[in-house]
């Protein structure tokens, strides 16, 4: 009011009068996740590479071994999915271990904390990578890989004079993809949550060498239990967590993936106490990681 | 409402007390220089102000508790920490996208305008930029934020004189507008003397000196005393005395200029000289050739 003459059109003051943009929590989350993908390109490169390598191997197999042409088994399809998901799982582990440690090591935590993004948003966006992004990404890559495999074997079958009908007699492609999605969402998205929660917690806490801090304690607990009580409940618990909520007769990860997944209906899966215990543990780990990040400074 | 208000601010790491009961009040529109030796507690105090570290005592920044409300505070405050902390993998366009994505007061066009004056390419990675360019990039990002408080902790550390000068020039010309508040720490005190409106010395976790630059200029005078008048000069109780090329330079607090003019050449001291004087008087330790 005192100096209206200052408000000359086009003066620098004018541009400052613009109202601040409204930034919703969802938008902050979206950009936080994008930032993770910028930094860690292995999140999509590694599963893509796994799919590509598998396709190459499949093509070679088709070309040199005629047996495959006549027996278009489901197994290579499952194996492709398992390979891609396994790659994504390993990427998820290493990503989670570095997620809250790397920013302290390279001091960029000071930069991230200078922006209006809460520790909760940051930790959740980092959790979203192994729990949401990697599962959906590996699902998409697996389906595309399997579809290309289907096309390739169809082409070879046609070329060898056999009908494409033999493929149709197998589990339908759509059904297979649906089962895969179910497996990925339940096991990778929910069942593994405490694993990633633990890794993020260690990543937020470790003064150095998060890898050792993440894997040594379980090892020590296992050893102490073995020597002191001559039992291995802890190891059993870890196995249960890693292999998924399936009857122990089908724990072998190789081959019978479909069997494994169809072993549990959604009703059975969601009434497994282990799922809810795991999610509760994951929530505690994450809450601690959020709290820790507030106190964390560069190392 | 003051921009920053602290009462009895204290922070200890184990048995080491980094900040030992600071009372501080920074009004809106000031440019405060926080000067202190290494390990004096400057960075710890600034970290408390920015919500990066927990603390004891009372502290309000822009009316908020920085420790519990860092996220909200960072909508109105921003900072450049002591060394280059921009993530090295980041590309310039990614930094612009990200700021525009998460910061409600970020003006992308403004940042692009600042960057256009530099040689920084849009697709360069931070690791490919020189130290000076990283500082330019960070400053361009920060200046495009319409913030009320800007905290700079050794922002020009390791930069050459050209970049340092340019840094403070653009800060004054393109950013500061009397409604913003800037707090800056640096070891290159001489370079910011003309920039500041207030100066504060901190030593061993305490504020040992606090005054506005107007007061500083009217209170303190430095005299290069003619050798024959040294006894008369010392009778006026200088707060500090040092020798340069065999001549005594005496620093006076609240002594009339005319009185001093008779003793030798009078001039306004540099902040660095006063800093040395205050610190050596305080600790009794000879610093910077004081005796």
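Things to note:
For (1) assigned to a strand (DSSP E or B); (2) touching a helix residue (DSSP H, G or I) at 6+ places or on another chain (Cβ under 8 Å), each residue gets a yes or a no:
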| position | (1), (2) |
| --- | --- |
| B:2 | no, no |
| B:11 | yes, yes |
| B:32 | yes, no |
| B:48 | no, no |
| B:95 | no, yes |
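- Residues within the stretch A:79-108 that are crowded, with 24+ Cβ neighbours inside 10 Å, in contact (Cβ under 8 Å) with a residue 60 or more places away in the chain and more than 14 Å from residue A:47 (Cα to Cα), tallied: 4
- When B:6, B:40 are checked against the criterion of being surrounded by 20 or more Cβ atoms within 10 Å (Cβ to Cβ), part of a loop (DSSP other than H, G, I, E, B) and away from chain A (no Cβ under 14 Å), a single residue qualifies: B:40.
- Condition broken by residue B:13, with the remaining ones in (1) more than 14 Å from every other protein chain (Cβ to nearest Cβ); (2) surrounded by fewer than 24 Cβ atoms within 10 Å (Cβ to Cβ); (3) closer than 28 Å to residue B:275 by Cβ satisfied: (1)
- Candidates B:61, B:85 - the one that is modelled with pLDDT under 90 and in contact with a helix residue (DSSP H, G or I) (Cβ under 8 Å, 6 or more places away or on another chain): B:85
- Helices (runs of 4 or more DSSP H) contained entirely in the stretch B:182-262, each with at least 1 residues that are surrounded by 13 or more Cβ atoms within 10 Å (Cβ to Cβ) and not assigned by TED's automatic domain parsing to the domain that holds residue B:162: B:213-219, B:230-235, B:257-261
- Selection within the stretch B:48-64: residues that are free of Cβ contacts under 8 Å to residues at least 24 places away in the same chain and buried (at least 22 other Cβ atoms within 10 Å of the Cβ). The member of this set that is farthest from the other protein chains (Cβ to nearest Cβ) is B:51.
- Screening residue B:67 with (1) within 7 Å of chain A (Cβ to nearest Cβ); (2) outside any helix (DSSP H, G or I); (3) surrounded by fewer than 24 Cβ atoms within 10 Å (Cβ to Cβ) gives one miss only, at (1).
- Qualifying residue in the stretch B:81-88 (condition: at the interface with another protein chain (Cβ under 7 Å from one of its Cβ atoms), part of a strand (DSSP E or B) and touching a strand residue (DSSP E or B) at 6+ places or on another chain (Cβ under 7 Å)): no
- Screening the candidates B:121, B:132, B:101 for the property of being more than 18 Å from residue B:79 (Cβ to Cβ) and within 10 Å of chain A (Cβ to nearest Cβ) yields one hit, B:101.
- Residue match in the stretch A:40-49 (condition: crowded, with 19+ Cβ neighbours inside 10 Å, on the phi < 0 side of the Ramachandran plot, modelled with pLDDT of 90 or more and within 11 Å of chain B (Cβ to nearest Cβ)): yes
- Selected residue [at pLDDT 90 or above, assigned to a helix (DSSP H, G or I) and within 12 Å of chain A (Cβ to nearest Cβ)] from B:152, B:137: B:137
The values are calculated or read from the model by the stated rules, or taken from the named source; none is laboratory data. This structure is a prediction, so every number in the text was calculated from the model and none was measured. Because the Cβ atoms are built from the backbone with ideal geometry, glycine has one as well, and the counts that use them run over all protein chains shown.
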